[in-house]
Every structure is written in C-alpha cells, then in structure tokens.
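Structure first, then comments.
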C-alpha cells in the first residue's frame with residue numbers, strides 16, 4: 001500500500017483555535033482568581049514573594065574582635081529588621097577611646113549571627129513575583145496555591161524566531177503590503193503601547209525608533225542577522241530566547257534577511273488590525289520546541305489546538321520551503337512518492353512534490369519543508 005503521509009516539523013497559522021495557558025508561580029503563593037472567572041491579559045492572577053538576597057557582614061572584622069566576643073557586641077538580634085546604615089554591632093574600650101561600628105549594607109532582616117565565623121547574615125527584602133493572565137480568557141482550573149490555567153479562544157500565529165517575553169497591546173498594521181520594509185518614519189507617536197506589524201524587513205533604525213516611541217511589540221517577516229545582534233548588543237544565542245530585557249518583543253515570521261511575509265500571515269493580521277493581541281517572543285529550537293506566538297482573542301472558536309511534537313504531512317497540506325532556492329515560498333503538497341529519489345547531492349531521500357502559490361510545481365526533499373497547520 002502506498003505511503004500517503006509522513007511527519008515533519010510544523011507551525012500554526014489559524015483563525016480559530018482554543019488555547020489553554022498555564023500560569024504558574026515559581027513557588028507557592030496566593031491565587032487571586034476563581035475557576036470560571038473572566039480575566040484580561042494584564043490581570044494579576046497569582047502572586048508570591050521570592051526570598052531576598054543574603055548579605056554577609058563580617059562583624060568580627062569590622063569591630064576588630066574575635067568571633068567569640070562578637071555576640072556581646074551585637075545591637076541587633078536574629079529576626080530584627082534593619083535598614084541600610086543601621087548599627088548592627090558596636091564595640092567600645094577604654095572608656096570609649098576605642099570605638100568601632102558595624103553597619104547593615106542592605107534593608108532586610110537579621111537571619112543568622114555566628115560566633116564561629118564572626119559573621120552576620122542579613123536577608124534582603126522579599127522580591128515580589130506576579131503572574132498575569134497573559135491572554136483574555138476564562139480561568140478553567142485553579143492549581144492550589146501555585147497558579148491557574150486560562151482558556152482563550154482566538155487566532156494563533158506562530159513565528160520562526162523571536163526575542164523578548166510576554167506582552168500585550170492592540171495591533172497596528174504599518175505595512176500596506178507584505179513586502180514593504182518597516183522604516184523609522186513609519187513609527188509615529190500613535191504607535192506607543194501598540195504591537196506594530198511590518199512586511200518583509202525591520203531595520204535596526206526602525207527598532208531603535210520603536211523603543212523610543214514605546215512600542216510594545218513588532219511583528220515582521222525578516223530581519224538582518226547583524227542588525228539583530230547590534231540591537232541585542234551581542235550575538236543571538238542558540239539555546240532559548242525570551243529573557244531579553246530590551247523593552248520590546250520582536251517576532252520574526254519568516255527568517256533572517258529581507259523575506260516577504262507569507263500572504264496567509266499578513267492577511268490574518270490585516271483582518272485583526274486594531275484588535276487586542278498577546279505576544280511572546282520565547283523561542284527554543286532544540287528538544288521541546290517553543291515557537292514565538294501571536295494570540296488574538298475572540299469568541300466563537302471551535303477548533304482545539306493539540307500540542308504534538310510532530311505533525312502529519314499529507315497530500316493537500318500547506319507547507320513552506322525552508323531551504324534555498326525556494327526559501328520562504330509557500331505551496332501545497334500534490335504528491336508524496338513512496339520511493340527514494342536521488343537529489344543533486346547524490347543522496348537518496350524521500351521527496352515531496354509541491355505546487356507553489358505562483359503556480360510552479362517543484363520536487364524537493366521532505367526535510368526542506370515545514371508544515372503550516374491551519
């Protein structure tokens with residue numbers, strides 16, 4: 001029986017899916033919402049406090065006394081609150097002729113006093129941690145004191161690579177066509193707080209302008225690698241992105257260089273121009289693939305998006321080419337021959353026959369295509 005399907009990496013571009021987002025604290029805390037409650041992207045759904053950093057004060061050294069003598073010089077006890085500059089220990093000798101102090105370098109709590117090391121440990125103030133809803137949706141599950149699961153119905157677009165973490169704002173289309181370059185003059189003061197959408201390329205100058213104006217995010221087809229490294233201040237890593245503190249989230253839908261944004265991407269973003277969206281630039285290309293994403297909440301969605309690691313490729317599937325000379329082009333699978341075929345490198349591989357959007361029909365190795373789930 002002929003082989004009618006295969007498996008290949010894929011990304012999603014869909015107008016209608018149901019997503020569930022886990023919103024979990026890094027350690028137990030307090031959940032502020034209940035199951036069934038509607039939440040907005042900016043709503044705080046759970047919060048906690050991370051233990052503050054520990055400052056070590058060498059009191060015995062400061063006072064020029066032995067560790068055994070230090071406890072009787074202490075002005076503060078374990079558990080006492082202190083502020084920067086507070087005297088935590090004092091030593092006087094010969095009616096005050098010899099006088100030395102040891103002061104707190106931080107605000108916090110005296111956690112430990114050691115007569116062995118002569119040191120005092122001061123725990124800094126707790127660091128607040130807050131988790132927002134990220135998307136507009138409904139709380140469908142409360143995970144004790146650890147967080148919640150928020151369900152959202154809407155459109156989902158996954159990109160190739162991104163930088164920056166979670167953000168939200170209204171979409172503002174700045175490109176008239178998917179091949180237009182996003183330049184600094186396109187970004188006006190009206191873009192403040194918005195997620196702007198470009199076409200084939202965003203320049204370094206445009207990214208700088210976006211940061212100056214206060215743009216929340218940029219969605220565009222491509223970016224030059226040296227421009228991205230210059231913007232980050234260092235070469236882009238290969239492990240995982242999303243932790244960059246650039247004040248903006250960038251999502252690239254096609255790849256590096258000037259690449260026309262896929263028509264399906266552009267048309268979907270165009271149809272939601274002006275609507276609220278949530279974006280996340282986190283990207284991981286190794287095991288446990290994470291795609292940068294654009295989520296545009298709405299009601300009436302029926303499809304449920306499963307989270308498979310691999311996706312079925314079949315005749316009729318929409319795909320994108322990820323190798324030259326057809327890099328970035330999209331088309332439809334017309335045939336998946338069972339027999340291995342010899343390619344230009346003389347390797348024997350499984351191939352796929354693709355009808356491109358411009359009408360051309362090509363044959364390429366299956367490893368050179370990426371499935372577009374719709």
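The values are calculated or read from the model by the stated rules, or taken from the named source; none is laboratory data. Treat the numbers as computed from the prediction; the structure is a model and nothing was measured. Positions of Cβ are backbone-derived with ideal geometry, glycine not excepted, and every protein chain shown enters the neighbour counts.
Values as computed for the structure displayed
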| item | result |
| --- | --- |
| Total residues in the stretch 42-60, condition at pLDDT below 95, surrounded by 13 or more Cβ atoms within 10 Å (Cβ to Cβ) and in a loop (DSSP other than H, G, I, E, B) | 1 |
| Test: residue in the stretch 228-238 that is surrounded by fewer than 24 Cβ atoms within 10 Å (Cβ to Cβ) and part of a strand (DSSP E or B) | no |
| Tally, over the stretch 184-217, of residues that are crowded, with 23+ Cβ neighbours inside 10 Å and touching a helix residue (DSSP H, G or I) at 6+ places or on another chain (Cβ under 6 Å) | 5 |
| Residue tally, condition over 49 Å from the mean Cα position of the chain (by Cα) and surrounded by 14 or more Cβ atoms within 10 Å (Cβ to Cβ), over the stretch 70-89 | 1 |
| Any hit, the stretch 305-315, residues being over 30 Å from residue 197 (Cα atoms) and either modelled with pLDDT of 80 or more or over 29 Å from the mean Cα position of the chain (by Cα) (or both) | yes |
| Residue tally, condition outside any helix (DSSP H, G or I) and within 20 Å of the chain's Cα centre (by Cα), over the stretch 199-215 | 3 |
| Output for the stretch 69-104, where each listed residue is part of a loop (DSSP other than H, G, I, E, B) and within 12 Å of residue 59 (Cβ to Cβ) | 69, 75, 76, 104 |
| Matching entry among 135, 139 (being within 30 Å of residue 278 (Cα to Cα) and assigned to a strand (DSSP E or B)) | 139 |
